[in-house]
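Chemist: What follows is a single structure, and I will ask about it in a moment.
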């Protein structure tokens with residue numbers, strides 16, 4: 001197993017309408033992590049998420065443990081929490097993915113239920129200062145018109161960005177996803193923007209053949225084989241192990 005995706009907690013300070021994770025008190029302990037790393041000794045990459053992982057009381061210790069054991073760490077965060085201790089990881093084998101699903105304060109509040117847009121955007125510089133950082137944006141009906149503004153933010157901070165579609169599980173079952181025509185329009189828009197922008201723009205919509213059962217099942221995109229999950233395991237905060245957090 002090459003990569004482990006590890007959601008270390010369920011708690012989050014945002015309430016994104018499309019989130020597949022339900023808030024609870026479930027979280028992975030340092031003792032759990034020691035067992036996991038022994039079980040998957042060959043895993044080189046650990047993708048840490050939540051919930052919001054920076055709310056985990058032992059988040060720094062978890063990162064320390066993984067890095068000291070020679071693992072490459074990728075931390076996914078909503079960007080609203082700034083822990084100065086993260087500055088200690090400059091030069092370490094760590095990277096960040098910062099979620100940003102809006103290009104203005106009003107839409108951010110509508111998507112997340114919180115008024116933290118300015119903080120999330122300002123903290124992009126903080127994460128970028130530490131190590132490689134990428135913005136991740138989930139696009140659906142609520143923020144469809146915000147794509148250009150979100151790309152402007154990525155361009156202003158000179159950060160790569162990944163645009164994707166929401167998972168239609170958990171709370172995601174209640175949102176309005178893009179129809180086939182809007183998905184096509186979004187794809188064409190991203191193709192044009194990729195030519196114009198000075199930043200990498202990534203998206204499963206731009207891939208020639210998306211090898212993901214989730215996208216095939218819910219959006220009729222690509223094929224129903226999961227190439228990316230071949231050497232990957234997902235572990236939830238209650239320690240359930242599957243191939244993917246989106247396909248059960």
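Chemist: If only one of 169, 135 is free of Cβ contacts under 8 Å to residues at least 40 places away in the same chain, within 18 Å of the chain's Cα centre (by Cα) and closer than 27 Å to residue 74 by Cα, which one is it?
Modeler: Criteria check complete, one pass: 135.
Chemist: Hey, any hits in the range 44-64 for a residue that's touching a strand residue (DSSP E or B) at 6+ places or on another chain (Cβ under 7 Å), touching a residue at least 60 places away in the same chain (Cβ under 8 Å) and either surrounded by 21 or more Cβ atoms within 10 Å (Cβ to Cβ) or on the phi < 0 side of the Ramachandran plot (or both)?
Modeler: Yes: one or more hits.
Chemist: Could you please find all residues in the range 40-55 being outside any strand (DSSP E or B) and under 16 Å from residue 238 (Cβ atoms)?
Modeler: Scanning the range 40-55 gives 50, 51, 53.
Chemist: Look through the range 195-248, keep the residues that are part of a helix (DSSP H, G or I), modelled with pLDDT of 85 or more and buried (at least 18 other Cβ atoms within 10 Å of the Cβ), and return whichever of them is farthest from the chain's Cα centre (by Cα).
Modeler: 205
Chemist: Scan the range 4-26 residue by residue and report those that are at pLDDT 95 or above and over 22 Å from residue 115 (Cα atoms).
Modeler: 4, 5, 6, 7, 8, 9
Chemist: Quick check, is residue 85 surrounded by fewer than 14 Cβ atoms within 10 Å (Cβ to Cβ), in contact with a helix residue (DSSP H, G or I) (Cβ under 7 Å, 6 or more places away or on another chain) and in a helix (DSSP H, G or I)?
Modeler: Considered against the rule, which asks whether it is surrounded by fewer than 14 Cβ atoms within 10 Å (Cβ to Cβ), in contact with a helix residue (DSSP H, G or I) (Cβ under 7 Å, 6 or more places away or on another chain) and in a helix (DSSP H, G or I), residue 85 comes out as yes.
The values are calculated or read from the model by the stated rules, or taken from the named source; none is laboratory data. Remember, it's a predicted structure, so these values are computed and weren't measured experimentally. A quick note on method: Cβ atoms are made from the backbone with ideal geometry, for glycine too, and the neighbour counts reach across all protein chains shown.
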